[in-house]
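Working notes, beginning with the structure itself.
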């Protein structure tokens, strides 16, 4: 008899929807932060190697290949920027989870972070598996219209312009490539 009551009480405490949602949201934000750190380190290590490659290619006179490699470096810079922004939004939200889950409207202090994570979901979910689950929590909490506005980057959505710019996959201009080569060359004592 006592064990049945104890088991029932334990189930009631554990199955509190708000508590489960709170813990899940905190865990997902924490995992996303860890994943961002890992991906940023990989991309930064790749950029260091690519910079060395560019210097070698310039030294050997293979400017066309150096320009192609510089394009990859520029894309990786954007990738590092995206991971940094996502990480900072998650760090902000992890301290505000209790506030987020109490309100039916997204708090003003968290709107940019929440909207930006939602916007990034469709563009980064291959590497960030937690983002779709966070978006489902945000959809349940703040409604489909809020999520759709953020996904489509509508004017009232509060998505970070920095994130939108970093996620736009524009081909770098020839001038920006040459500028980066000029920046890399002195680091490796290479004449252009």
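Structural remarks
- Selected residue (only one of 190, 114 is at pLDDT 95 or above and over 17 Å from residue 76 (Cα atoms)): 114
- Filter result for residue 190 (out of contact with any strand residue (DSSP E or B) (no Cβ under 9 Å at 6 or more places or on another chain), within 29 Å of residue 55 (Cβ to Cβ) and touching a residue at least 24 places away in the same chain (Cβ under 8 Å)): yes
- Per the listing 154, 148, 171, 130, the residue uniquely surrounded by 13 or more Cβ atoms within 10 Å (Cβ to Cβ) and touching a residue at least 60 places away in the same chain (Cβ under 8 Å) is 130.
- Selection from region 154-192 of residues that are within 22 Å of residue 83 (Cβ to Cβ) and part of a loop (DSSP other than H, G, I, E, B): 157, 158, 159, 160, 168, 169, 170, 171, 172
- From the list 82, 97, 58, 70, the one residue that fits, being surrounded by 13 or more Cβ atoms within 10 Å (Cβ to Cβ), modelled with pLDDT under 95 and closer than 30 Å to residue 178 by Cβ, is 58.
- The residue of region 139-153 that is farthest from residue 103 (Cα to Cα), among those that are out of contact with any helix residue (DSSP H, G or I) (no Cβ under 8 Å at 6 or more places or on another chain) and in a loop (DSSP other than H, G, I, E, B), is 152.
- Total residues in region 174-187, condition within 11 Å of residue 59 (Cβ to Cβ) and without any contact (Cβ under 8 Å) to a residue 40 or more places away in the chain: 0
- Residue check: residue 16 meets all listed conditions (1) modelled with pLDDT under 90; (2) under 22 Å from residue 183 (Cβ atoms) but one, namely (2).
The values are calculated or read from the model by the stated rules, or taken from the named source; none is laboratory data. As the structure is a computational prediction, the values presented were derived from the model and not from experiment. Positions of Cβ are backbone-derived with ideal geometry, glycine not excepted, and every protein chain shown enters the neighbour counts.
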